[in-house]
Every structure is written in structure tokens, then in C-alpha cells.
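Right, one structure below, let's go through it.
The values are calculated or read from the model by the stated rules, or taken from the named source; none is laboratory data. Everything quoted here is computed from the prediction, not taken from an experiment. Because the Cβ atoms are built from the backbone with ideal geometry, glycine has one as well, and the counts that use them run over all protein chains shown. Protein only, heavy atoms only, side chains kept; ligands, DNA and RNA dropped before computing areas. Shrake-Rupley method; radii C 1.70, N 1.55, O 1.52, S 1.80 Å.
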Amino acid sequence: MDISKIIANITQYISEAAMRIFGPTDDAYPAVGVQPFTGEPYDEDTDDNW
């Protein structure tokens, strides 16, 4: 009886690990990082000359 419980626990442990590795991600990271610039384009006429 103990051997069957050990085998069941090992099988459950391995299958849970495989499901975690190959399953969909559950990350809840915020959308941060490099964002595209949406300002005004460069204009040489308004460029500050030092």
C-alpha cells in the first residue's frame, strides 16, 4: 500500500511540474519598458544652436 502511494506522489509531482513548464504563463507583470515616441518630429528650424 505504501509503494502505491509513493508512486502516486511521484507521478503527481512530475505531472504538476510538466504542467507548470508547458502550461500558459500566469505572469502579471505591468506593461512597462521602451515605448515608442509619439511627440513632435525633429525640425531643424526650431533646433537650439549653442
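Conditions (1) part of a helix (DSSP H, G or I); (2) at positive phi; (3) surrounded by 10 or more Cβ atoms within 10 Å (Cβ to Cβ); (4) of a type in the set (Gly, Ala, Ser), marked per residue:
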{"position": "Ile3", "(1), (2), (3), (4)": "yes, no, no, no"}
{"position": "Ile14", "(1), (2), (3), (4)": "yes, no, yes, no"}
{"position": "Ala17", "(1), (2), (3), (4)": "yes, no, yes, yes"}
{"position": "Gly33", "(1), (2), (3), (4)": "no, yes, no, yes"}
{"position": "Tyr42", "(1), (2), (3), (4)": "no, no, no, no"}
{"position": "Asp45", "(1), (2), (3), (4)": "yes, no, no, no"}
{"position": "Asp48", "(1), (2), (3), (4)": "no, no, no, no"}
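May I ask you to verify whether Thr38 is open to solvent by 100 Å² or more (accessible area, probe 1.4 Å), free of Cβ contacts under 8 Å to residues at least 12 places away in the same chain and over 25 Å from the mean Cα position of the chain (by Cα)?
On the way: open to solvent by 100 Å² or more (accessible area, probe 1.4 Å): yes; free of Cβ contacts under 8 Å to residues at least 12 places away in the same chain: yes; over 25 Å from the mean Cα position of the chain (by Cα): yes.
Judged against the criteria, Thr38 is a match.
Please verify whether Ile21 is in a helix (DSSP H, G or I), surrounded by 10 or more Cβ atoms within 10 Å (Cβ to Cβ) and of a type outside the set (Asp, Glu), treating the condition exactly as stated. No.
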